[in-house]
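*Asks:* Mind looking over this structure? Questions follow.
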Amino acid sequence: MKQIALDIGLASGPSLRNFLAGPNLAALEHLVLWSGYEKRSPVPTYLWGESGSGKSHLLRAVFAQLQEQGSPVGWLDATLSEPPAFQENWRVVLLDDVHLYTAVQQQAAFNWFVNATSPQDGQQRWVLASGKVPPSDLQLREDLRTRLGWGHIFHLQVLSESERRAVLRQNADERGIFLSDEVMDFMLNRFSRDLGSLVQLLDQLDGYALQTQRAITIPLLKSMLEDNP
């Protein structure tokens, strides 16, 4: 099974509108509620689930929506080796993939969490975090782990094959491209089931089709992979 490298930045397009909830509707509704209000949730939220369940999509979608609202946000993931100090103007703190945090990142996350939930200025801030396992199983410092398990907790489920098909179809329609059942079968059977990787593959395939001025077919997909090993 070939794994397609995933390289998505915060401005790459995840939104709450284009998230196919499937069995994760309760989590989506919760995020829509609290990211849409100027008044933030008084208790933190933690999302957990295996790779491909949509955790990072949802955090990046919330980030994008808050930016659209003009709300300053603190963002921390495992790629940020030197996290900044907590900023008083932040209205929300987002902590992605906490199970991967180093000791330095855990210290920063704990500091951000305490400052957000015990504000000196009386301004309530929302903490939204994600991890691969439930809080009780996180291999993190105890004071951070217990705080992550304090509020709302949602277990995200990986979408079924039919639901992944619906997401790919939706993404293809949004790009204005035709994705045949044969190409979709090939993508789902030959590549990672991780939805983010599949969407990234579709994005690469769309660009390659435009570059080569060819329709999206299985031979085109094979040609792209040969040209970009």
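Any read-out appearing in this document is the output of simple, stated calculations on the displayed coordinates, not a laboratory observation. Quick caveat: nothing in here was measured; it's all calculated off a predicted structure. Methodologically, a virtual Cβ is constructed for each residue, glycine included, from the backbone with ideal geometry; neighbour enumeration extends over all protein chains shown.
*Asks:* Taking the Cα centre as origin and putting +1 on Lys and Arg beta-carbons and -1 on Asp and Glu beta-carbons, what dipole magnitude results for the chain, to the nearest 20 debye?
*Replies:* 260 debye
*Asks:* If you scale each eigenvalue of the Cα gyration tensor by 5 and take the root, what three semi-axes come out for the range 22-155, rounded to whole angstrom and sorted largest first?
*Replies:* That gives 19, 19, 14 Å for the three semi-axes.
*Asks:* Against the longest alpha carbon principal axis of the chain, how many degrees, from 0 to 90 and to the nearest 10, is the axis of helix 195-212 turned?
*Replies:* 40 degrees
*Asks:* With a/c under 1.5 counting as rounded, go ahead and sort the range 103-143 into rounded, prolate or oblate using the C-alpha gyration tensor (a ≥ b ≥ c being the square roots of the eigenvalues; past the cut-off, prolate if a/b is larger than b/c, else oblate).
*Replies:* It is prolate, given that a/c is not under 1.5 and a/b is the larger ratio.
*Asks:* Return the calculated 222 nm mean residue ellipticity for the chain, to the nearest 500 deg cm²/dmol, obtained by summing -39500 (n - 2.57) across DSSP H runs with n ≥ 4 and dividing by the residue count.
*Replies:* The helix-only estimate for the chain comes to -14000 deg cm²/dmol at 222 nm.
*Asks:* Given a Förster distance of 30 angstrom, what is the FRET efficiency for ARG214 paired with GLU29, based on the Cβ-Cβ distance and rounded to 0.05?
*Replies:* Taking R0 as 30 Å, the efficiency between ARG214 and GLU29 is 0.15.
*Asks:* Could you calculate the contour length gain from ASN189 to VAL133, that is, 0.36 nm times the residue separation minus the distance between their Cα atoms, to one decimal place in nm?
*Replies:* That pair, ASN189 and VAL133, stretches by 17.5 nm at full extension.
*Asks:* Let a ≥ b ≥ c be the square roots of the eigenvalues of the Cα gyration tensor of the chain; is it rounded (a/c under 1.5), or, if not, prolate (a/b larger than b/c) or oblate?
*Replies:* prolate
*Asks:* Measure of size requested: the Rg and Dmax of the range 161-227, with Cα atoms as the atom set and Å as the unit; please supply both.
*Replies:* Both quantities, over Cα of the range 161-227: 10.9, 30 Å.
*Asks:* Along the charge dipole of the chain, Cβ charges K/R +1 and D/E -1, which of GLN211, SER35, ALA64 sits furthest on the positive end?
*Replies:* SER35
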